[in-house]
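First the structure, in the form of structure tokens, and then the observations on it.
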Number of protein chains: 2
Amino acid sequence: MPAQAPHFSARAAQIFHALSDETRIGIVELLVGGERCVCELQDTLDAAQSRLSFHLKVLKDAGIVNDRREGRWSYYELNREAFAEAEEMVRELRPRGRRPSVRVAANGRQGECCD
Amino acid sequence: MPAQAPHFSARAAQIFHALSDETRIGIVELLVGGERCVCELQDTLDAAQSRLSFHLKVLKDAGIVNDRREGRWSYYELNREAFAEAEEMVRELRPRGRRPSVRVAANGRQGECCD
DNA sequence: TTGACATATCAATAAATATTGATACGTTAA
DNA sequence: TTAACGTATCAATATTTATTGATATGTCAA
């Protein structure tokens, strides 16, 4: 069997990439408590407006956040599903079972590896 | 209180960055069942040697894998701690509590946001 | 001891991402 | 209406990350 469904690695890479930047982690931290307006994020993070907008788009494209417009304000909130997905991915990538106590190469021979 | 310990976001970014590439996800998938020799990874992933070595280094620098040398072979395995750490990070970034049913801006005023 | 091997590292380049400043667009207050 | 506002998007540039081919290093077999 394949290790994972065909697009698992692409989706995993996308989610983890969205979380691989300190500014974006900062945004997520601010959203942990609930929905926030872009202008609040801007004040708190002290980030230039277009820069913040760029990072919000990365998060949105990865499905990490949802947005909502209200008049001239935009509100962002975390998407619970994406976090469930991320947690599940970490679990699926995590080491399973135990290493054999006697080391056996995957080709079945002990202490040898390549031909 | 700060949302997280001072280096949380740096460490989170590092771990997630290590997992943000399809080739590296592929490597991790191969290691899920236990330790593997570099040459096996090379055959299975069909990746150029220096390319594979580069990605293994990214994973190693992030603490995702440990390596071991035996004669002329190198073996890599997943580091359980890093996955526990990653899982915990996802949990800490995940939305908590409930959004207020009546929307209130963080500045306490309803329906308003910025000054 | 010499030569082939497994792997890491390096330098050059390519490709992807991020930052910045400018502009565009819808919305609201005056 | 018009002007200021909040936000998104774009183009140019800077920065980071990945790939490639070459070389270095330690190890083992002949």
Residue satisfying all of: in region A:15-48; touching a residue at least 24 places away in the same chain (Cβ under 8 Å) and more than 14 Å from A:L78 (Cβ to Cβ); farthest from the other protein chains (Cβ to nearest Cβ) among these: A:A47
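For region B:69-78, which residues satisfy the criterion of being away from DNA strand D (no atom under 16 Å from the Cβ) and more than 8 Å from chain A (Cβ to nearest Cβ)? Steps first, answer last, please.
Step one: filter region B:69-78 for residues away from DNA strand D (no atom under 16 Å from the Cβ), giving B:76-78.
Within region B:69-78, B:Y76 is the sole residue that qualifies.
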So A:R51, is it farther than 26 Å from B:H7 by Cα and more than 8 Å from chain B (Cβ to nearest Cβ): no
Test set (1) closer than 19 Å to A:S9 by Cα; (2) within 13 Å of the chain's Cα centre (by Cα); (3) of a type in the set (D, E, K, R); (4) open to solvent by 30 Å² or more (accessible area, probe 1.4 Å) - B:D61 fails condition number: (1)
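The values are calculated or read from the model by the stated rules, or taken from the named source; none is laboratory data. Since the structure is predicted, the reported quantities are computational estimates derived from the model, not experimental observations. Glycine also receives a Cβ, built like all others from the backbone with ideal geometry; neighbour counts cover every protein chain displayed. These area figures cover heavy atoms from the full protein model, side chains too; ligands, DNA and RNA do not enter into them. Shrake-Rupley method; radii C 1.70, N 1.55, O 1.52, S 1.80 Å.
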